[in-house]
Amino acid sequence: MDKIDAAARHTPVLLQRCLDLLAPAFEVDAPVMVDSTLGMGGHTEGVLRAFPHVRVVGLDRDPQALELAGRRLAPFGDRFTGVHAVYDEIRDVLARLGLPAAHGVLMDLGVSSLQLDEAERGFAYAQDAPLDMRMDPTTGRTAADVLNTYDERDLVRILRAYGEERFAPRIARSIVAARAKAPLARTGELVDLVRASIPAAARKTGGHPAKRTFQALRIEVNAELEVLERALPESIEALAVGGRIVVEAYQSLEDRLVKRALAAGATSSAPPGLPVEPETHAPYLRLVTRGAEEADEAELARNPRSASVRLRAAERVRPTPDHLLPRTPGRRAA
Ligand SMILES: C[S@@+](CC[C@H](N)C(=O)[O-])C[C@H]1O[C@@H](n2cnc3c(N)ncnc32)[C@H](O)[C@@H]1O
C-alpha cells in the first residue's frame with residue numbers, strides 16, 4: 001500500500017467533534033486555522049472539506065509528514081500551507097506568513113501511526129530498528145544518545161516521570177551495565193534488556209514490558225512536555241478573540257498540562273476577597289468542553305487509537321491581560 005493511501009485510511013480521532021467545536025470560530029471573514037500537528041493531514045482535510053472558506057496552516061516537526069500531507073492536500077491549492085516547525089513557534093510562523101491571528105488551533109498530540117509504522121524510526125518496540133525516536137530526524141539527540149550518555153539517576157528520573165515505570169531503578173541499572181560493554185544501538189537490545197529487568201510475575205500484566213520505557217524515551221528525546229507547556233500559552237496567544245483551541249491528548253501527563261493551561265485562562269486572576277472583579281483579572285478563555293471528553297463506542301469501533309483520547313477545548317473571550325502574557329525570551333509582549 002502506498003504511504004498516501006495508508007494516510008488516507010487512517011481515521012482522524014474525533015474528527016466530527018473537532019469540526020463541531022471549531023465551527024463557531026470560523027463564522028468570520030477569511031478564517032485561518034493552525035493545525036499544529038498536521039501528521040498525515042486527516043484533520044486538516046476534514047476542515048478544508050467542511051469549511052470551504054477556511055485557510056489552514058499545518059505545522060509538523062517531521063519533514064516526512066509534511067511531504068505526505070502536502071501531496072494529499074495539494075488539491076486544496078493555496079488554502080493549505082505546510083510549515084516545518086515545532087508547535088511552540090506558532091506565533092512566529094503566523095507572523096512570517098503575514099497572518100495576524102488564528103481563528104482555530106488544533107493539536108492532536110503524540111506520534112502519528114505513520115511514525116509508528118515506519119520501523120526504521122525506532123518508535124515501535126515490536127520491530128527491531130536503530131534507537132532513534134526523533135520526530136524530526138534532521139536535528140537533536142536520539143534515543144541512543146540518551147541511553148548511552150545520561151547518568152543512571154537521570155535515566156531513573158525519566159523512566160519514572162515520563163513512563164510511570166515501577167521498575168525504573170532496575171531498568172536504569174541494566175542499561176548502565178549493558179552500555180559499559182558496548183553502546184546500545186538497536187530497539188531490540190533495549191526490549192530484551194527491559195524484559196530481563198522486570199520480575200517474571202510483573203511481566204504477565206500491564207501490556208508489553210517495554211511500552212513504558214519506550215514512551216519515556218520518546219518524551220525525553222523530543223522534549224515533548226517542555227515543548228507542550230510552552231506551546232499552550234503561545235497557541236492561546238495566537239488566537240483572535242472568538243477563536244477556539246481544541247486539544248486531543250493521549251496520556252495523562254500531557255492532558256494535565258492542557259487542563260492546567262485552559263483552566264488558567266478560564267479562571268479569574270483576581271486576588272480572593274475583592275468585592276468587584278477588576279476587568280484586567282477577568283478570565284480570557286471560556287471552556288467549551290465539560291472536563292475532558294472521551295471517545296464513545298462508535299468512535300472506538302471505528303478507531304482503536306481513540307481509546308485513550310482526552311479532548312478539551314476553549315474559546316478566547318478577551319485579550320490576555322498584560323500581567324498574564326507568556327514570557328517568551330526575545331519576544332516583546334504584543
Ligand atoms: C497524532 S499525529 C497527528 C495526526 C493528524 N491529526 C492526522 O489526522 O493525520 C501527531 C503529529 O504531530 C507531530 N508533532 C508532535 N509534536 C510536535 C511538535 N512539538 N511540533 C510540531 N509537530 C509535532 C508529529 O510529528 C505527528 O506527525
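Read-outs: derived from the displayed coordinates by stated rules, not from any lab. It should be emphasised that the depicted structure is a prediction, and the values quoted were computed from it without experimental measurement. With ideal geometry, Cβ positions are generated from the backbone for all residues, glycine too; neighbour counts draw on all protein chains shown.
Here the extension length gained between Glu67 and Arg166 equals 31.7 nm, from 0.36 nm per residue of separation less the Cα-Cα distance. Between Ser113 and Arg96, the modelled label-to-label distance comes to 3.0 nm, taking each label 7 Å out from Cα in the direction of the beta carbon.
Of all the options Val32, Val47, Val146, the one that moves most in a Gaussian network model of the chain with Cα springs shorter than 10 angstrom is Val146. A compact globular protein would have a Cα radius of gyration near 2.2 N^0.38 Å; the ratio found for region 137-221 is 1.01.
Working from label points 7 Å from Cα in the Cα-to-Cβ sense, the Arg286 to Arg49 distance is 3.1 nm. Springs join every pair of Cα atoms under 10 Å in this Gaussian network model of the chain, and among Ala185, Ala102, Ala69 the largest mean-square fluctuation is at Ala185. Note on Ala126 and Ala270: the extension gain reaches 46.7 nm, defined as 0.36 nm multiplied by sequence separation minus the Cα-Cα distance. Residues in region 108-123 near a label at Ala74, defined as backbone nitrogen under 20 Å from the 7 Å Cα→Cβ point? In region 108-123, the label zone of Ala74 (backbone N under 20 Å from the point 7 Å along Cα→Cβ) covers no residue. At R0 = 56 Å, how high is the FRET efficiency between Arg186 and Ala30 if r is their beta carbon distance? Nearest 0.05 is fine. Once the sixth-power term is evaluated, E becomes 0.65.
On the basis of the beta-carbon distance and an R0 of 51 Å, His323 and Glu294 show a calculated FRET efficiency of 0.90.
Note on Ser235, Ser174, Ser113: ascending count of other Cβ atoms within 10 Å places them as Ser113, Ser174, Ser235, the fewest first. Values of log10 I(q)/I(0) for the chain across q = 0.14 Å⁻¹ run -1.14, by the Debye formula with one identical scatterer at each alpha carbon and no solvent.
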